[in-house]
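What follows is a set of notes on a single structure, which appears directly below.
The values are calculated or read from the model by the stated rules, or taken from the named source; none is laboratory data. Everything quoted here is computed from the prediction, not taken from an experiment. Because the Cβ atoms are built from the backbone with ideal geometry, glycine has one as well, and the counts that use them run over all protein chains shown. Calculation scope for accessible area: heavy atoms of the full protein, side chains included, ligands and nucleic acids excluded. Shrake-Rupley method; radii C 1.70, N 1.55, O 1.52, S 1.80 Å.
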Amino acid sequence: MKEILITNDDGFEARGLLELASALRSVANVTIVAPSSEKSACSHSLTLARPLRFVKLDDGFFKLDDATPADCVYLALRALYNRKPDLVVSGINHGANVAEDVTYSGTCGGAMEGVLQGIPALAVSQFYVADSLQRYGFDLACELAVDLVEKIFKNGFPLPPKQFLNLNVPAVSKQDFKGLTVAPCGEKLYDTDAQLNRNPRGMEYYWLGKSTLSFDASKNENSDISVLFEGRATLSPIKLNLTAHEQMSALERWMKNDE
């Protein structure tokens with residue numbers, strides 16, 4: 001049997017995680033190592049200033065106290081495996097991870113840690129609008145993830161080292177689903193949103209607002225954002241090397257301007 005390590009950033013009790021693990025057990029032996037609490041937007045962070053502790057919940061199912069998804073992958077590989085698993089799967093995230101949100105995403109952070117450790121990785125996210133998660137659930141996302149995993153096991157991972165697959169599933173029923181499309185990451189519009197409040201003792205505090213999916217349609221034709229809104233799922237190849245190679249020559253010229 002193939003071996004899959006699963007993590008997420010919504011925590012060990014998240015419905016998306018549990019349903020994905022159940023679906024993937026049809027094609028592989030599954031080990032779950034997930035954060036003990038929600039770690040959304042923690043990106044690829046590791047916990048370096050305090051100890052971490054595994055808590056075994058069931059056979060092949062662990063939570064890691066106050067850990068990040070990257071912690072979960074890192075420590076699972078160190079403590080639970082004699083040989084590397086065949087695949088790391090991170091998700092199913094409750095919400096999309098498109099455009100530059102990939103840089104914030106703890107779901108993508110789990111996949112990043114997998115490929116840094118030399119293991120193919122897939123991040124899976126379910127877009128939702130209003131009560132669509134309650135109406136449609138994760139069945140479609142699970143089916144797509146299982147199909148991709150079977151294809152990976154049959155044909156090999158399609159990307160070079162230090163690159164992972166990012167799957168986003170639209171907020172539609174199976175009947176309205178229009179297929180899976182390979183798409184690049186789009187461009188979102190970002191602002192700051194934080195609510196100012198006071199605790200019972202009168203001390204001020206801020207609570208960061210929820211990120212909104214705002215974008216310029218003219219800049220997102222055929223991107224993961226526009227494709228998702230058309231009722232199609234998106235599969236994007238993500239690389240960890242963020243160097244803007246196309247700007248190297250221009251930057252060198254800029255450096256020489258005052259010489």
For S211, what is the net charge nearby, where nearby means another residue's Cβ is under 10 Å from its Cβ and Lys, Arg count +1, Asp, Glu -1? -1
Here, D59 and S211, labelled 7 Å along Cα→Cβ, have an inter-label distance in nm of 3.8 nm
Computed [θ] at 222 nm, helices only, for the chain once each DSSP H run of length n ≥ 4 contributes -39500 (n - 2.57): -8000 deg cm²/dmol
What aspartates and glutamates could a cross-link reach from K178, if we take a straight Cα to Cα line under 18 Å and drop same-chain neighbours fewer than 8 places away? D139, E143, D147, E221, D224, E230
Within straight cross-link reach of K210, meaning Cα distance under 21 Å, which lysines are found once same-chain residues fewer than 8 apart are removed? K39, K188
Students sometimes get this wrong: rank D9, D216 by accessible area, probe 1.4 Å, all chains present, largest first. D216, D9
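Normalising by the residue count of region 1-58, find the relative contact order in percent from Cα pairs under 8 Å and 6+ residues apart.
Details: 58 pairs, mean separation 23.9, N = 58.
About 41 percent, as a whole number.
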Region 153-235: trypsin sites (Lys or Arg not before Pro) in DSSP coil with no more than 15 other Cβ atoms inside 10 Å: K162, K174, K178, R201, K210
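Percent antiparallel among DSSP beta bridges with both residues in region 50-154, to the nearest 5?
Numbers: 4 of 9 bridges.
Beta bridges within region 50-154, antiparallel portion: roughly 45 percent.
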Averaging sequence separations of C-alpha pairs under 8 Å and six or more residues apart, then dividing by the length of the chain, give the relative contact order as a whole percent. 17 percent
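In the chain, what % of DSSP beta bridges are antiparallel (nearest 5)? Kindly include the intermediate steps, with their values, before the conclusion.
Details: 16 of 41 bridges.
So the antiparallel bridges amount to about 40 percent of the total.
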If the cut-off is a Cα-Cα distance under 16 Å, which lysines reach K151, setting aside same-chain residues fewer than 8 apart in sequence? K2
With all protein chains present, region 180-259 has a carbon and sulfur share of its accessible area (1.4 Å probe) in percent of 53 percent
Using a 7 Å offset from the Cα along the Cα-to-Cβ direction at both A79 and T181, what is the distance between the two label points in nm, to one decimal? 4.3 nm
Among [x] 74, 48, 45; [y] 53, 44, 28; [z] 62, 58, 46, the entry derived from the coordinates for Cα extents along the principal axes in Å: [z]
